Amino acid sequence: MAPFRFRLEQVLRYRKRLEEEAMLALAGAVMHRDALASRLIAMEEDFAAQRQRLCRAETLAAPERMLILDYSNALALDIEQVRQALNEAEEHVDRRRVEVVRKAKDRGVLDSLKDKQAARHRMHERQQEQQNNDETATLRYKPAAV
């Protein structure tokens, strides 16, 4: 009996590698997005703290009040930039996710083809074995003497 050999095994391995690379790219994009989200939260907390500091401190000197106000304004601009970057990162994650799904489908097609060919091979092998057994039984059959 000949062992099963899938002729497209190299293509299947290549597609598996592409899928793994796409998963790694997705993981990197998710990590980048999460880092931006954490940074945004920290910046928003700092902005809220600076605003509270401005509202509570009636005895602040004018220069200190101006510094806090300038810092808050700059922080607001930075927050907007990080929000935009976060939106872009979300879109990037979505594109990577779609790519992973597409690569998985491409690999899945070859996996199912391999499974079907392997099942066909096993069935053919069983039929060959059964035919050999039938021929052997026919040749060795000796009718009982009457």
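The values are calculated or read from the model by the stated rules, or taken from the named source; none is laboratory data. What you see is a predicted model; the values in this text were computed from it and never measured. Backbone-built Cβ (ideal geometry, glycine too); neighbour counts: all protein chains shown.
Observations on the structure shown:
- Number of the exception - residue 5 against (1) in a helix (DSSP H, G or I); (2) under 30 Å from residue 111 (Cβ atoms); (3) without any contact (Cβ under 8 Å) to a residue 60 or more places away in the chain: (1)
- Filter pass, residue 36 being within 26 Å of residue 109 (Cα to Cα), in a helix (DSSP H, G or I) and either at pLDDT below 95 or among the aliphatic types (A, V, I, L, M) (or both): no
- Residue match in region 54-70 (condition: among the charged types (D, E, K, R) and modelled with pLDDT of 95 or more): no
- Boolean, residue 96 is under 14 Å from residue 25 (Cα atoms), touching a helix residue (DSSP H, G or I) at 6+ places or on another chain (Cβ under 6 Å) and at pLDDT 95 or above: yes
- Listed conditions (1) part of a helix (DSSP H, G or I); (2) over 25 Å from the mean Cα position of the chain (by Cα) are all met by residue 96, apart from (2).
- Among the residues of region 55-81, just one is acidic (Asp, Glu) and in a loop (DSSP other than H, G, I, E, B), namely 58.
- Residues that are farther than 23 Å from residue 31 by Cα, touching a residue at least 24 places away in the same chain (Cβ under 8 Å) and out of contact with any Lys or Arg (no Cβ under 9 Å at 6 or more places or on another chain), drawn from region 49-92: 50, 75, 76
- Residue in region 35-52 that is surrounded by the most Cβ atoms within 10 Å (Cβ to Cβ), counting only those that are more than 12 Å from residue 71 (Cα to Cα) and among the acidic types (Asp, Glu): 44
- Unique match (being part of a helix (DSSP H, G or I), closer than 30 Å to residue 5 by Cβ and polar (S, T, N, Q)) among 128, 84, 52: 128
- Residue 107 touching a residue at least 12 places away in the same chain (Cβ under 8 Å), touching a Lys or Arg at 6+ places or on another chain (Cβ under 8 Å) and part of a helix (DSSP H, G or I): yes
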